[in-house]
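The values are calculated or read from the model by the stated rules, or taken from the named source; none is laboratory data. Being a predicted model, the structure only gives us computed values, none of them experimental. A quick note on method: Cβ atoms are made from the backbone with ideal geometry, for glycine too, and the neighbour counts reach across all protein chains shown. Surface accessibility is based on the protein's heavy atoms, side chains included, excluding ligands, DNA and RNA. Shrake-Rupley method; radii C 1.70, N 1.55, O 1.52, S 1.80 Å.
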Amino acid sequence: MAHPSQLGFQDAASPVMEELLHFHDHALMIVFLISTLVLYIIVAMVTTKLTNKNILDSQEIEIIWTILPAIILILIALPSLRILYLMDEINDPHLTIKAMGHQWYWSYEYTDYEALGFDSYMIPTQDLNPGQFRLLEADHRMVIPVESPIRVLVSAEDVLHSWAVPSLGVKMDAVPGRLNQTAFIASRPGVFYGQCSEICGANHSFMPIVVEAVPLKHFENWSSLMLEDA
């Protein structure tokens, strides 16, 4: 959950998000080093009256400042490609959930069950209980088991939406007439909040996503109760 004045990402709740955080820190350190070097060169060039003819015309320096950026780009590209392929990898999911975007709410279908599905609407501010978050709470949460590969099929009924949960490292566009898929593993129990990340209309900011990760036994109890109510 994000908090006021937060500068960094939310705490990672999935292995992929942990990898993304490490890559962010890796790339940021490279940016800091480059910025420091460039600032030092600018200050040195402005403040000194001396001129080094090797800087004006030197084959060796030209070779260095051609090869060095290429090496830096490789150091950034390789871990980036690794994470990109990890995010696309879907190995034997234990549970498949279909998330449909509507104007302006989400509906979820647990495709491994016959009749387990529900709509998820934002709870209005006046109906919130103490401790609940305004504009982020939903009347029905997407409940999943912890430490299980979850596949989410994402689509939309009307306009473009985007199913995104930052702490799980998930963001997938919901396109009408197209079925996209993404996967994640919740590494710890908790409640993780997200929102539609595509400007989908007037009430775009009022269709939150709430994912609740629970132990497998609790998930089985919840699914049994939901099926009985259906």
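In this structure, is S80 open to solvent by less than 70 Å² (accessible area, probe 1.4 Å), assigned by the TED database to the domain that holds V165, in contact (Cβ under 8 Å) with a residue 12 or more places away in the chain and not aromatic (F, W, Y)? So S80 does not fit the description; no.
Only one entry of V31, V46, V38 meets the criterion of being without any contact (Cβ under 8 Å) to a residue 40 or more places away in the chain and exposed (fewer than 10 other Cβ atoms within 10 Å of the Cβ), and that entry is V46. Scanning segment 142-189 for residues that are in a loop (DSSP other than H, G, I, E, B), in contact (Cβ under 8 Å) with a residue 40 or more places away in the chain and open to solvent by 70 Å² or more (accessible area, probe 1.4 Å) yields E147, E157, L160, R188, P189. Once segment 205-217 is narrowed to residues that are over 18 Å from the mean Cα position of the chain (by Cα) and in contact (Cβ under 8 Å) with a residue 12 or more places away in the chain, the residue that is nearest to R134 (Cα to Cα) is F206. Would segment 54-75 turn up any residue that is touching a Cys at 6+ places or on another chain (Cβ under 9 Å) and either assigned to a helix (DSSP H, G or I) or assigned by the TED database to the domain that holds P166 (or both)? Within segment 54-75, none of the residues are touching a Cys at 6+ places or on another chain (Cβ under 9 Å) and either assigned to a helix (DSSP H, G or I) or assigned by the TED database to the domain that holds P166 (or both). Considering every residue within segment 211-227, establish whether at least one is open to solvent by 20 Å² or more (accessible area, probe 1.4 Å), modelled with pLDDT under 90 and not basic (K, R). Yes, the conditions are met somewhere in segment 211-227.
All conditions but one from (1) in contact (Cβ under 8 Å) with a residue 12 or more places away in the chain; (2) at negative phi apply to N129; the one that does not is (1).
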